[in-house]
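First up is the structure itself, then whatever we jot down about it.
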Amino acid sequence: MITRRLFLTHATAGIAGTISAARCLAASPPDIRIGSCLIGSMENARDAGLQGIELNAGKAADRLEIADPAARANHKAKMKETGIAVSSIMMGLFNSFPLASDPRGPAWLEQTIEAAADLGAGVILVAFFGKGSLLDEQKQVKKADVDVVVERIRAAAPAAKKAGVILGIENTLSAQHNIEILNRIGHESVKIYYDIFNLYGQGYDVPAEIRLLKDRIAIFHFKNGPDYLDNGKVKFEPAVAAIKEIGYRGWIVLETSSPSKDKVADGRRNAAHVRKLFGLAT
């Protein structure tokens, strides 16, 4: 027999559980979050209505700026002050000091993995442009460079997994070539950092590539050259349809220009367009 007191106890517990669950859902991050790598500061990102920022690992040095505990403490203080998360860390220095040839590359990966874990950044952008490009002047894959890159990233992958970090390879290769590289590395903590504008510029069928790569994409860069996202030469609707189709959940990082020279206003406009594309609340 259920007494009135027992009924009320269970009912109260059920209501409390429902409220607790609702609070957890409200506190959970949304499926798509918007950050920026060119907004200038966490304060700017906050004022533009963004949720995150992509930090730069720093210039080439034996010890990267992002590896400095004082620099990271400053970032964490700003994160607490602004409510802005670190979506990712960009290793743009590999464009001038290629991972395939610079002897400091493995140490830089190690330092940045440690920093990403400390700052709660889920992805490290491992860049392959400029001198670090994996394509030669005839648009052929640099096989010798790829061999070195595969070995160095494979060696760093276990540390990335332990830190809860994904190494996101960003380059100008086709999806098929990148799948071959990922298969050679053979580790779940290595994926692709997909830049829609760059790869449209290479002449690839971007929506088809996104569907081919599927969950091997770690994160996306959105930009439209010198223009706003909503009026440049790239129309994002087909790519976004593919992103939705593969069930992507994560960051859209704006690498957008600032036509008006007002980074906050332009960041707000570009973020609004991303929300419209994904059907997110404004």
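None of the figures in this text is laboratory data; all of them are computed from the coordinates on show. Small disclaimer: the values here were computed from a predicted structure and weren't measured. Heads up, the Cβs are rebuilt from the backbone with ideal geometry, glycines too, and the neighbour counts pull from every protein chain shown.
Determine the sum of side-chain charges near TRP108: Lys and Arg each +1, Asp and Glu each -1, restricted to other residues whose C-beta is under 14 angstrom from that of TRP108.
Details: positive: LYS59, ARG63, ARG104, ARG152; negative: ASP62, GLU65, ASP68, ASP102, GLU110, GLU114.
With Lys, Arg at +1 and Asp, Glu at -1, the net is -2.
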Which residue fluctuates most in the GNM of the chain (Cα springs below 10 Å): HIS177, HIS187, HIS221?
HIS177
Once you charge only the Cβ atoms, +1 for Lys and Arg and -1 for Asp and Glu, what is the size of the charge dipole of the chain about its Cα centre, to the nearest 20 debye?
980
For region 257-267, Karplus-derived ³J(HN,Hα) couplings (6.51, -1.76, 1.60; θ = phi - 60°; whole Hz; x for glycine and proline) come out as 6, 10, x, 8, 6, 9, 4, 5, 4, 6, x
Under 10 Å, Cα contacts only: if you run a Gaussian network model on the chain, which one of LEU125, LEU64, LEU109 comes out with the highest mean-square fluctuation?
LEU64
Would you please give the residues with an amide H less than 5 Å from that of ILE252, counting only those at least 5 places away or on a separate chain, with H modeled from the backbone geometry?
ARG33, ILE34, GLY35
Return the single residue from LYS261, LYS161, LYS78 with maximal mean-square fluctuation; model: Gaussian network over the chain, springs between Cα atoms under 10 Å.
LYS261
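In deg cm²/dmol and to the nearest 500, what is the mean residue ellipticity at 222 nm of the chain if only DSSP H runs of at least 4 residues count, each as -39500 (n - 2.57), divided by the residue total? Mind dumping the intermediate values first?
Numbers: 10 runs with 130 residues, N = 282.
-14500 deg cm²/dmol, from helical runs alone.
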With θ taken as phi - 60° and the coefficients 6.51, -1.76 and 1.60, list the Karplus ³J(HN,Hα) couplings across region 180-192 in order, rounded to whole Hz; mark glycine and proline as x.
4, 5, 4, 5, 5, 5, x, 9, 5, 8, 10, 9, 10
For the chain, the charge dipole (Cβ of Lys, Arg +1; Cβ of Asp, Glu -1; about the Cα centre) points to a positive end, and the Cα of ILE166, ALA85, LEU182 closest to that extreme belongs to ALA85
Considering only DSSP beta bridges whose two residues both sit in region 31-278, what percent are antiparallel, to the nearest 5?
5
Quick one: what are the phi-derived ³J(HN,Hα) couplings along region 223-235, Karplus 6.51/-1.76/1.60 with θ = phi - 60°, whole Hz, x for glycine and proline?
7, 9, x, x, 9, 6, 4, 8, 9, x, 6, 8, 9
Treating cross-link reach as a plain straight distance, find the lysines whose alpha-carbon is under 21 Å from the alpha-carbon of LYS131, omitting any fewer than eight places away in the same chain.
LYS59, LYS139, LYS142, LYS143
Cα-based Rg and Dmax for region 91-144, where Dmax is the largest Cα-Cα distance (Å)
12.7, 41
Given that compact globular proteins tend to follow 2.2 N^0.38 Å, what is the ratio of the alpha-carbon Rg of the chain to that value?
1.12
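Taking every pair of alpha-carbon atoms in region 113-168, give the share separated by more than 13 Å as a whole percent.
Details: 980 of 1540 pairs.
Above the 13 Å cut-off, region 113-168 has 64 percent of its Cα pairs.
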